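As structure tokens, the structure follows; a few thoughts come after it.
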């Protein structure tokens with residue numbers, strides 16, 4: 001008497017709970033159903049493997065930098081200035097920390113502006129009232145053909161004075177109330193459209209295009 005033997009093949013699924021049995025005899029479901037079932041079980045096993053891997057892998061959150069509290073922009077470059085403080089523009093006077101562009105090297109008792117514009121940047125604190133600006137300076141001249149130079153003065157981009165600068169003198173202007181905003185930033189600019197070099201005037205071999213020679217600056221409260 002012959003007996004029907006049943007051959008069983010385990011598909012290589014990752015979860016041992018999913019197995020397929022292939023029947024070579026009349027026992028069990030038809031062969032094509034077994035193949036279809038095996039395919040479904042294999043897919044389920046692979047899905048389980050991926051789910052397990054995802055569950056075991058830690059979730060990495062993107063790093064988020066805390067909001068920066070550093071001061072940026074023009075205020076970051078402005079040196080602290082106390083109203084009433086006199087800034088000396090000679091060696092050792094400390095004017096370098098306020099100068100933001102358009103200046104030559106510091107000399108013994110003064111500093112020359114270079115080109116058509118020179119700027120100062122100060123962190124003066126909040127000042128609601130008007131202020132007085134006083135500058136001791138002279139310009140590059142050659143009398144009689146050049147007896148002075150025009151100087152336009154701006155505070156925070158607002159024109160506050162037109163000076164004719166020749167020999168050494170004290171020049172004054174009023175900085176209107178409200179010019180300095182809540183951030184305390186004060187930018188002083190000297191525009192010298194007629195700046196010229198000593199070489200061009202035949203005074204020396206100095207090729208620098210010079211505007212005004214500043215000795216000191218002070219800003220005080222008006223009144």
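The values are calculated or read from the model by the stated rules, or taken from the named source; none is laboratory data. Predicted model only: the values in this text are computed from it and were never measured. All Cβ positions, even for glycine, are placed from backbone atoms using ideal geometry, and neighbour counts span all protein chains on display.
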Condition check: at pLDDT 95 or above and either part of a loop (DSSP other than H, G, I, E, B) or on the phi < 0 side of the Ramachandran plot (or both). Does residue 183 satisfy that? no
Restricting attention to the stretch 203-223, report how many residues are touching a strand residue (DSSP E or B) at 6+ places or on another chain (Cβ under 8 Å) and farther than 26 Å from residue 93 by Cα. 1
Return the total of residues in the stretch 102-137 being modelled with pLDDT under 95 and either out of contact with any strand residue (DSSP E or B) (no Cβ under 6 Å at 6 or more places or on another chain) or under 17 Å from residue 152 (Cα atoms) (or both). 5
Determine which member of the set 176, 193 is within 18 Å of residue 119 (Cα to Cα), surrounded by fewer than 19 Cβ atoms within 10 Å (Cβ to Cβ), in contact (Cβ under 8 Å) with a residue 40 or more places away in the chain and within 36 Å of the chain's Cα centre (by Cα). 193
Counting residues that are exposed (fewer than 15 other Cβ atoms within 10 Å of the Cβ), which strands (runs of 3 or more DSSP E) fully inside the stretch 77-134 reach at least 3? none
